[in-house]
Amino acid sequence: MGLPRGHLFWLLLLLAAACSGILFTLYSSAVGPYPGPRSGARNATSSRAFFGRKASNAGTRKSPHCRHSLYLAIQKHPHFRALFELSTPVLLSGGLFTQELWDRLSQHKAPYGWQGLSRQAINSTLSLLNGSESSELFTASGKPPSTCIRCAVVGNGGILNGSRQGLNIDAHDYVFRLNGAVIKGFEKDVGTKTSFYGFTVNTMKNSLISYWNLGFTSVPQGQDLRYIFIPSDIRDYVMLRSAILGVPVPEGPDKGDSPARTARPAAGPVPFPSPRSPTCPTTARAALSTSSMGPRPQTYFGPEASARKFKLLHPDFISYLRERFLKSKLINTNFGNLYMPSTGALMLLTALHTCDQVSAYGFITSNYWKFSDHYFERIKKPLIFYVNHDLSLEATLWKNLHKAGILQLYQR
């Protein structure tokens, strides 16, 4: 039976509308909405909200095709998803220095700010970090061909002695080392590759003094190696400026370029006031030997040193790491003004905010007591817990990140 002409008209109209809806749906599915931050993306809005209008994305997480990216593991973990803000500015460069930044960071002491520090010294240093390489950890010319940026961060823990992890470490695209990074004689355990060397001037000099007889006779050097300064004091800014310009340090405890001069000893770690915590041997030797540590910066970083070789951690980044990941109970004690995350922690968390995959070697584990303090020590020495770092808190963090699949922590 046929339909009345009026009814047929409305039926055809409904069919046309339905077809239009189907076509629109198919088009929308084909084009798709903007997928949001990928493995290499940063949320600029949240960065500005937390760090101010001039905050910059200093990370270079590069690959949208990395199947096992730590970014994906973070998104699957409710606790760490709330902690990680991957838009956080990692590095500080000259383009970020403004009156607004100076006013804000002047309210906080180093390494979290510039309170009590010379504006002229800060500004003159940052003005030299004005190239694109100063704001990016991995430069275009240094990008590896792989689909993921794979990074190894090598601490100096005794767990590496006899580990035979050298080849595994060197297989990564980038290798971070820090402080007394002894390589000669331990190549099978720690590898030979160094892409980044992280330090404060204090830890660098104390390492040269304390571990000279154990093989750390110079800071790692190389054409493709980059140095990451941790701004724990004004001396880091002053040393960085002199290193870029290739001139002697003009002021402070590092003044001069004569190895034989008499210098004020650098401050070292402060132990818990306990009979079981003797004075740090690094500090004791530093008091006797710092007089020999006053050469030109080229002695540390090589004659080819220039601005492109140096990176500077942003005080905001260090503050963010402390507040989000390593907010120790020590902050609320009489030693609170001494506390900061360890050099190793800062380098490992830097890698976790810039690389696609991160492996940690030589970091504290739950069975730390089985191993010597450092892998290069000839006689086993126990790990001592000092009040300027919270190694127990750091150990818990590494363990939890490993369990969440965000970090690969070497354990034995």
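Worth a mention:
- Residue pairs exceeding 21 angstrom between C-alpha atoms, taken from Lys327/Lys370; Lys205/Lys255; Lys188/Lys380: Lys327/Lys370.
- Student exercise, segment 311-412 dipole from Lys, Arg, Asp, Glu Cβ charges, in Debye to nearest 20: 320 debye
- Scattering curve values for segment 117-187, log₁₀ I(q)/I(0), Debye with Cα scatterers, q = 0.12, 0.15, 0.17, 0.20 Å⁻¹: -0.54, -0.74, -0.83, -0.93
- Ligands, DNA and RNA left out, the 1.4 Å accessible surface of segment 334-412 is 53% carbon and sulfur atoms.
- Inter-probe distance in nm under a simple model that places probes 7 Å from Cα toward Cβ, at Ser392 and Asn213: 3.3 nm
- Surface/4 estimate of mean projected area, convex hull on alpha-carbon atoms of segment 311-377, nm²: 6.5 nm²
- Backbone N under 16 Å from the Arg81 label point (7 Å along Cα→Cβ), restricted to segment 386-412: 404-406
The values are calculated or read from the model by the stated rules, or taken from the named source; none is laboratory data. On a predicted model such as this, the values are computed, not experimentally measured, just so you know. In this analysis, Cβ positions are derived from the backbone assuming ideal geometry, glycine residues included, and neighbour counts consider all displayed protein chains. What goes into the accessible areas is simple: the full protein's heavy atoms, side chains included, and nothing from ligands, DNA or RNA. Shrake-Rupley method; radii C 1.70, N 1.55, O 1.52, S 1.80 Å.
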